[in-house]
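One structure is given below, encoded as structure tokens.
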Amino acid sequence: MDVKRSRLKEWHLGRKPIPLSKLNELLFLIDNNLRQDVIKEINSKQIYLKCQYSSHTIKFPDNLTPELSYLIGLLLGDGSLAGNSLNKTGNWGVSVYFDKMNHLKIYKKILEDIFEVKVKTYVQKETCYCAYFASKAAHWFLKGFFDLHNGYKADKIEIPKIIIETKNADLIAFCIRGLFDSDGTVIVKKKVVSFSSTSEKVVDQVIFWLKKFDIDAKKYKWLKSKKYKMLFTASIRRKSNIVRFSQTIGFCHPEKKKKLYKICEQLSI
């Protein structure tokens with residue numbers, strides 16, 4: 001099998017594993033019934049990730065769920081991974097900022113259920129709350145599977161290919177919900193629901209997928225001042241579009257959820 005004796009010894013002692021390709025070869029050297037039993041036992045195991053010389057682990061998700069897709073949407077909107085220069089000093093922080101503590105608690109519960117990590121929370125200012133945890137393994141997972149950027153990423157974000165290529169409507173809808181929960185706005189008086197970003201790519205994606213859900217959104221761009229980057233907005237205005245948005249995308253953010261419900265109530269009168 002061309003596996004070094006030292007590697008086999010380390011694997012047997014529960015340290016460095018043999019490559020999965022070699023494990024697959026090994027399985028096909030044994031009796032078929034035994035092979036099926038071993039594969040079944042392997043598949044029943046929960047996988048955990050950790051980096052060499054570190055005792056910190058995260059649970060490796062078994063599959064891409066709506067909850068995980070929602071977390072990715074939040075991270076794309078108001079989240080950040082520690083920048084490359086910080087990684088060199090051992091800082092592997094993952095942060096998401098919220099304007100409401102009750103929304104942060106929703107994120108914290110989902111995050112801890114998916115990855116089994118301990119999340120710290122702190123108040124940055126009166127209307128800014130942060131949920132933070134540090135994990136090199138989580139960095140690898142988020143960058144490797146979802147192409148999330150380290151450091152500044154506002155104008156670079158896009159819905160990850162791994163989510164879009166599933167063509168699973170629920171997964172895409174939950175990711176869009178995370179984006180709207182982060183950078184979405186609900187104006188009850190004007191009966192408008194919108195999403196804004198400095199990334200034109202993500203706004204175009206949101207408009208495209210909203211259309212797939214039979215929701216028409218208009219694209220606008222505007223510049224607050226010369227010191228800021230151009231903002232792109234997907235705006236939903238018509239009654240049928242807002243009601244459809246409520247039914248297919250909606251919000252987890254408690255305040256935005258209430259506002260959307262209020263608009264829908266007014267539109268039904």
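Rule-based calculations on the coordinates, nothing more; no lab input. It should be emphasised that the depicted structure is a prediction, and the values quoted were computed from it without experimental measurement. With ideal geometry, Cβ positions are generated from the backbone for all residues, glycine too; neighbour counts draw on all protein chains shown.
What's the magnitude of the charge dipole for the chain around its Cα centre, counting Lys and Arg as +1 and Asp and Glu as -1 at the beta-carbon? Answer in Debye, nearest 20.
On the way: 49 positive and 27 negative charges, 209 e Å.
Roughly 1000 debye, rounded to the nearest 20.
How do TYR132, TYR70 line up, fewest other C-beta atoms within 10 Å first?
Arranged by neighbour count, lowest to highest, TYR132, TYR70 become TYR132, TYR70.
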Full-stretch length increase - LYS109, CYS51 - with 0.36 nm per residue and alpha-carbon distance subtracted | 18.5 nm
Placing +1 on each Lys and Arg Cβ and -1 on each Asp and Glu Cβ in the chain, then taking the dipole about the Cα centre, the residue among TYR261, ILE187, GLY14 whose Cα reaches farthest towards the positive end is ILE187
Members of LYS108/LYS258; LYS125/LYS258; LYS191/LYS218; LYS88/LYS143; LYS211/LYS259 lying beyond 19 Å, as alpha-carbon distances in this model show = LYS108/LYS258; LYS125/LYS258; LYS211/LYS259
Which trypsin sites (Lys or Arg not before Pro) in the stretch 111-166 pass both tests, a DSSP loop state and at most 15 other beta-carbon atoms within 10 Å?
-> LYS118, LYS156
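Which order results if LEU13, LEU75 are arranged by neighbouring Cβ count within 10 Å, fewest first?
On the way: LEU13 8, LEU75 24.
The order, fewest Cβ neighbours first, is LEU13, LEU75.
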Of SER85, VAL3, ILE72, whose Cα points farthest to the positive end of the dipole of the chain (charges on the beta-carbon: +1 Lys, Arg; -1 Asp, Glu; origin at the Cα centre)?
-> SER85
Sites TYR132 and ASP62, calculated FRET efficiency, Cβ-Cβ separation with R0 25 Å, nearest 0.05 = 0.50
Excluding residues fewer than 8 positions from LYS109 in its own chain, the aspartates and glutamates with Cα under 19 Å of it are ASP62, GLU67, ASP78, ASP99, ASP181, GLU255
If each part is reduced to its alpha-carbon centroid, the stretch 8-55 and the stretch 60-133 end up apart, in Å, by 31 Å
By count of other Cβ within 10 Å, fewest leading, how are ARG177, ARG238 ordered?
-> ARG238, ARG177
With a sphere of radius 15 Å drawn around the Cβ of PHE213, what net charge do the other residues whose Cβ falls strictly inside it have (Lys, Arg +1; Asp, Glu -1)?
-> +3
Any chance you could run the full-extension gain for TYR261 through LYS167? It's 0.36 nm times the residue separation minus the Cα-Cα distance, nm to one decimal.
-> 31.0 nm
So the angle from the long Cα axis of helix 32-44 to the longest Cα principal axis of the chain, reported in degrees to the nearest 10, equals 40 degrees
Quick one: length gained pulling THR185 to LYS40 fully straight, 0.36 nm per residue minus the C-alpha distance?
-> 47.5 nm
Distance in nm between ASP99 and LEU26 label points, each 7 Å along Cα→Cβ, equals 5.4 nm
Go ahead and collect, in residue order, the members of the stretch 245-264 whose backbone nitrogen is under 19 Å from a label point 7 Å along the Cα-Cβ direction of ARG237.
-> 245-246, 260, 263-264
